[in-house]
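To start, the structure itself, in structure tokens.
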Amino acid sequence: MIMEKQELIEKINAALAEEFEIDVEDITPEGDIKATLELDSLSLVDMVALVESESGVKIKGSDVAQIKTFGALYDYLTEHQN
Amino acid sequence: MLNRVVITGMGIYSCLGKTLDEVRDSLYTGKSGIIFDPARKEMGFRSALTAKLEIPDLKKQLSRSQRVYMPEQAKYAYCATADALKQAGIDQDYLNTHDVGLLYGNDSSADPVVKAVDTMREKKDTTLCGSGAIFQSMNSTVTMNLGCIFKLKGINLTVSGACASGSHAIGLGALLIQNGLQEMVVCGGAQEVNPFSIGSFDGISAFSVRESEPEKASRPFDRDRDGLVPGGGAATVILESYESAVRRGAPILAEVLGYGFSSNGDHISSPNVDGPTKSLQMAIKRAGIDIREIGYVNAHATSTHVGDTNEAKAIFNVFGEKSVEVTSTKSQTGHEMWMAGASEVIYSMLMMKNGFIAGNINFENPDEASGHLLIPAQTIEKRFDTFLSNSFGFGGTNSTLIIRNM
């Protein structure tokens, strides 16, 4: 099922905030994902797995490093929804 | 000249309590920690009996990045270890500036393995297993987690000796200190309680099926016992050289006098008599004491027919007819397996420090072997200064510890 972009953003943000124990208000489109969520190489895996589970979109390994901001992540997910 | 080894801290997370005081009271009053878990019946278990234990919520104590690598038994071990270090007067500054070792008994981590395999089969995508799965799944998960959380810098490894793991961990930690290789070692044992971890154990008909009376199901040495009840949690003791403890002004609770061990070299599940006898004799010899100084024997006895019978014979071989009180605290806790050797040292310590011997609850009728032992069914008031604790495991691994009050 394809979600509207805003619905997807809210769903992803809520899941990330809960999992990484931050306030959802701290997530902004221009925010750096790794810095905001305090990710290291291991917890980056959890972020990808969570986003995949919530969105149904598989993020290619080679694409992960290119997605720096939350805005870029939302764009990637909406582009790859089918 | 070997260093003397003392215990300066204890911590426990068990079905009898989460603090030493709670556990002491449970031991004294003969409380059982065993319940019937209906979910196990739905999973096809022959016996749905288990110890009752809640997984602690450590959100306030540990960050997400610390918790994500911890299976349940590592969480129990964290609670026990934090309390033990506190009692020993050890703070993070001490751990940062000394080479404190870590030897912990653990011999399975089934739940994370099952969950990761379920994910792989269903999703066909290993990323979805998450970053914690590999660290939670390894047998050394407890020591790798505790080593990182407490920033320990001495020896760091897991002891996997089946149901004697926790006892061997303490014995080996004592050997390292005796020989001057470590000044302090955090020792213990941890045991997961989830159904996946012991489903196949249930499958070999090892568990009691006295499901209508959960609190009466674990009955070591009793004539009508019909199997063990699985339990779990974690227990930690801080071992330290006597010199270090004195130098620190630490509370010196007891001294580890002797560690005996042996292997049966026999059947994979059925214990024999000669192996345990050898372990007991070795511990007594190494302790260098007169056997009459031992005022209490904490038996391994798990409530299985062959195991209890053969241990009763081994104890009789060494101690003779009804010469010392013998009980199995598994009558209250069920079999805490990888944790048992460590938790039973703490149970015995609590009795020794408080002048009582917890009754071997559910001991109603002796059988031919246990009839030669002095087994109180109810708690008795008795002061003793030295105890012996047995732990035996699958594959015929045996461990015996002798500990003296200080």
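Each value in this text was obtained by applying a stated rule to the coordinates, not by laboratory testing. These figures come from a predicted structure and were not determined experimentally. With ideal geometry, Cβ positions are generated from the backbone for all residues, glycine too; neighbour counts draw on all protein chains shown.
See the values below:
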quantity	calculated
Value of relative contact order over chain B, rounded to a whole percent, pairs C-alpha under 8 Å and six or more apart	24
Spherically averaged projected area in nm², based on the convex hull that wraps the Cα atoms of region B:168-243	7.4
Residue-span extension gain [B:VAL117 to B:THR29] - 0.36 nm each, minus C-alpha spacing	27.4 nm
Listed peptides B:222-229, B:50-57 by packing density, highest first (mean Cβ within 10 Å)	B:222-229, B:50-57
Along principal axes, Cα extents of chain A, largest first, whole Å	30, 28, 21
For B:129-135, mean number of other protein chain Cβ atoms within 10 Å	4
Distance between modelled label sites at B:ASP224 and B:ARG292, nm, 7 Å Cα→Cβ extension	3.9
Förster-model FRET efficiency, 41 Å R0, B:ARG383 and B:ILE55, C-beta, rounded to 0.05	0.65
Dipole-positive endmost among A:TYR74, B:SER108, B:GLN281 within the protein assembly as shown (Cβ charges, Cα centre)	B:GLN281
Sites B:THR97 and B:VAL246 - FRET efficiency at Förster radius 22 Å, r taken between beta-carbons, to 0.05	0.75
Extension reserve of the B:LEU157-B:ALA39 stretch, reckoned as 0.36 nm per residue once the Cα distance is removed	39.1 nm
Unit charges on C-beta of K, R, D, E only; dipole of region B:26-86, Debye	100
Alpha-carbon Debye profile of region B:88-221, log10 I(q)/I(0) at 0.13, 0.18 Å⁻¹	-0.73, -1.03
Extent along principal axes [Cα atoms of region B:1-88; Å; largest to smallest]	56, 39, 29
Likely footprinting exposure, B:MET120, B:MET10, B:MET144, fewest C-beta neighbours within 10 Å first	B:MET120, B:MET144, B:MET10
Total charge dipole magnitude, region B:5-398, about the Cα centre, Cβ charges on Lys, Arg, Asp, Glu only, Debye to nearest 20	700
Rg/Rh (Cα only; Kirkwood hydrodynamic radius) as it applies to chain B	0.96
Shielding by other protein chains, B:60-67, mean Cβ within 10 Å	2
Shape category assigned to region B:1-158 from the gyration tensor of Cα positions, a/c cut at 1.5	oblate
Evaluated at q = 0.12, 0.17, 0.19 Å⁻¹: base-10 log I(q)/I(0), Debye formula over Cα of region B:216-345	-0.54, -1.02, -1.21
Label point distance in nm, B:LYS86-B:LYS285, each placed 7 Å from Cα along Cα→Cβ	4.3
Kirkwood-type radius of the protein assembly as shown, with distances r between different C-alpha atoms, in Å	23.8
Other-chain or far-sequence residues with amide H under 5 Å of B:LEU49's (modelled H)	B:ASP37
Ordering of A:56-69, B:33-46, B:96-109 by packing [mean C-beta count within 10 Å, highest first]	B:96-109, B:33-46, A:56-69
Solution diffusion estimate, µm²/s, Stokes-Einstein, region B:15-57, Kirkwood Rh from C-alpha pairs, 4 °C, viscosity 1.567 mPa s	110
Peptide-level mean, for B:282-290, of C-beta atoms on other protein chains within 10 Å	0
Residues B:HIS168, B:HIS372 arranged by fewest to most Cβ contacts within 10 Å	B:HIS372, B:HIS168
Label-reachable residues, region B:296-319, where backbone N falls under 19 Å from a point 7 Å from B:HIS267's Cα toward its Cβ	B:300-315
Residues B:THR277, B:THR8, sorted so that the one with the fewest Cβ neighbours within 10 Å comes first	B:THR277, B:THR8
